[in-house]
1. From the helices alone, meaning DSSP H stretches of at least four residues, give me the mean residue ellipticity at 222 nm for chain B, per-run term -39500 (n - 2.57), in deg cm²/dmol to the nearest 500.
2. Say R0 is 56 Å: what FRET efficiency, to the nearest 0.05, do B:Leu316 and A:Asp356 get from their beta-carbon distance?
3. Put +1 on the Cβ of each Lys and Arg and -1 on the Cβ of each Asp and Glu in the protein assembly as shown; which of B:Gln375, B:Asn122, B:Val60 then has its Cα farthest toward the positive end of the dipole?
4. Is segment B:108-211 best put as rounded, prolate or oblate by its Cα gyration tensor, with a ≥ b ≥ c the root eigenvalues, rounded for a/c under 1.5, and otherwise prolate when a/b is larger than b/c, oblate when not?
5. Which distances, shortest first and in nm, link B:Glu92 to the matching position in the other copies, using label points set 7 Å out along Cα to C-beta?
6. Across peptide A:170-177, what mean number of C-beta atoms from other chains lies inside 10 Å of a residue's C-beta?
7. With contacts defined as alpha carbon pairs under 8 Å and 6 or more residues apart, what's the relative contact order of chain A in percent?
8. Using label points projected 7 Å from each Cα along Cα→Cβ, tell me how many nm separate B:Gln383 and B:Glu368, to one decimal.
2 protein chains.
Amino acid sequence: MRPERVLIVGGDGYCGWATALHLSNAGYEVTILDNQIRRAWDREHGLASLVPIAPLRRRVEAWKRMTGRTIAVEPVDVTEYEPLCRAMRAAEPGAVVHFGQQRSAPFSMIDREHAVRTHLNNTVGNLNLVWALHEYAPDAHLVKLGTMGEYGTPNIDVEEGFLTVEHNGRSDRLPFPKQPGSFYHLTKVSDSDQIFFACRTWGLRATDLHQGIVYGSHTDETAGCATLANRFDYDHIFGTVLNRFCVQAALGHPLTVYGLGGQTRSFIDIRDTVRCVRIALEHPAAQGEYRVFNQFTETFSVVELAERVRAIADGLGLPGEIAHLANPRKEREEHYYNCVNTNLRALGLEPTLLSDETIAASIRLACEHRERIDQRLIPPHVQWQSQPAVAAATQAAAS
Amino acid sequence: MRPERVLIVGGDGYCGWATALHLSNAGYEVTILDNQIRRAWDREHGLASLVPIAPLRRRVEAWKRMTGRTIAVEPVDVTEYEPLCRAMRAAEPGAVVHFGQQRSAPFSMIDREHAVRTHLNNTVGNLNLVWALHEYAPDAHLVKLGTMGEYGTPNIDVEEGFLTVEHNGRSDRLPFPKQPGSFYHLTKVSDSDQIFFACRTWGLRATDLHQGIVYGSHTDETAGCATLANRFDYDHIFGTVLNRFCVQAALGHPLTVYGLGGQTRSFIDIRDTVRCVRIALEHPAAQGEYRVFNQFTETFSVVELAERVRAIADGLGLPGEIAHLANPRKEREEHYYNCVNTNLRALGLEPTLLSDETIAASIRLACEHRERIDQRLIPPHVQWQSQPAVAAATQAAAS
């Protein structure tokens, strides 16, 4: 029996690259679809991964050399339909894993142009993908990367995608109400709605992974050699909070918490991300089924994370403090947060919880690449509540 | 005091034109923003309004001649930001009424290209509009045309935009869960999410009118002369169900019900549409408020409507029958449907219920323009569950 073919859209990115190697190692026949636009966005904004990353071609060559396994690469932009369809027809995939999106909330909030660009890239790409599946691979299983951020922070427990609602003596199982907090998060909600519609209407099969914030630099496969190394973002646009704290700790700078720091979010280790995707593939959705897995293992408040990093940095001889900055985002800074994550556990996920060793490894990684850190990229420059141009002009005229 | 300036985006369309005249008549200073793309879509698909409609320039000239009132016209495509901003800065509107969208579900389901085109037109247009308001008219009241179709047909009562959910002993007021039934309806849900986000984040003020299916040909203002006449769509793409039944009755053809006909929907007379918009403008949302008004007056099942039209046509000497066709859509054909519509009533709307005379007037209008009816445009050609290309190719190869 031929090994299952998997297309990985966005396979050059942080989650995508780690997943591509993990699935290749597990015996899947992997094709990466990626136009490497994320690398272009880094250049556009003067950003760079803390850990140097090799060009995609060199990455897959190194993988071939080390393991004998081939990963095919198709330089496809999913917002262009014809190349996507050609790749779909050529690969005849049993599954498509879709990571190919602009994934930064601050990027989407820079200005109108970045909001629209995020929207076009993510939503037209997603529309094209569901149409290409419908037209050329209607039995393939779509595994789509969503985000826990789609739910926002409601004052009730967050279920996995659906909620049984009782109202005026009647009841229905309905999509869980969502309150996305940026133009980026809005695109993810829109994707979820589109995919659910495609499953109901065309009988597509799909798993929507509502993932928490991912941390960690290595998986078993990316740790193999420097050419296979994964990216590590610490900047104010693509950097995630734990990475930023580790970089600040390595520099001996205060760990900057935005606002009160009571913002609680769900988190997952990159080593669990790749396992979750594999679990979803090995237990595919039924034809016509749209299911949501909340893909996280723990929740932390921002200030809790800062305390953890501060204590571990202290133990490594890097004493520091925590500083509170004005919050550039518009979000609740103290709120209820309790999210269900039983679907993946029920299918066998054994969580890798955030250990002191994982935090220490990230701090050591930041120390090791200290000369590559650009301190100007750390403070938040993108404001959710940017002042209207008309108000700025009025103030300028009055002064 | 200067009369309030209102921008009407999509002011050349069915709801937009009627609203422009109604507001102009009520003393508002009206500017229409419309690139007339709807007329281009008609030409593209070989469609035409049953009632001939004058070019937009001639429409506003006739209005000026008859009433002395000026309606300005800006040929702006809202998917282009700079012209939109220029118009926004020039008009300094107190309110913006946004009808400027592709509004047909079948159009959005023709193929991928039409789904993406609908998406780009509606969602990029909506994004541009909220950004332009944020940047150049942050105090203006946005009145946006949504649709009751955003909700789908849940098995619980449909509230106005929000629902208080009790879950595991906790409670929150959350966005009402939505289950849109076409790529067009998906864009409307996405718009609602974006506008709610803009209100929360930037303090915009917005009213989202979740409107039912509109019927009727005349308002007080459009009835003034033939040059002011509004469009009347009966075709399988833009035609609505009541119009189609009236045209079929005029031809002596069977009234075609899709599937069982138990599909129940909410309806509103175009004369109430224009009043609802005015009510929303006269009672604006507060700064930062996002509110939803369910804008309909009655609900009917499709088969009920067909019975009404059949009986009235019979009385006009046009006997006919009802025929059931295979349903081209994917939707529930028997379901619970009970929707709240108290917000507009509380602000003073006196509903114009569907009268026999209104139906008879539409049948007479169809008889009057009988020579303009293109019978080929009536049967449904767009299938929600189009066969995948790969399946069609396989079947062709096997036969």
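Just so you know, all these numbers are worked out from the coordinates, no wet-lab data involved. Every value quoted in this text rests on a predicted model; they were computed, and no experiment measured them. FYI the Cβ positions are ideal-geometry reconstructions off the backbone, even for glycines, and counts take in every protein chain you see.
1. Numbers: 14 runs with 154 residues, N = 399.
Estimated from H runs of four or more residues: -11500 deg cm²/dmol.
2. Details: r = 84 Å, r/R0 = 1.49.
Here the calculated transfer efficiency is 0.10.
3. B:Val60
4. Verdict is oblate for segment B:108-211.
5. 6.8
6. That average works out to 6.
7. Numbers: 780 pairs, mean separation 74.2, N = 399.
Relative CO of chain A lands at 19 percent.
8. 3.9
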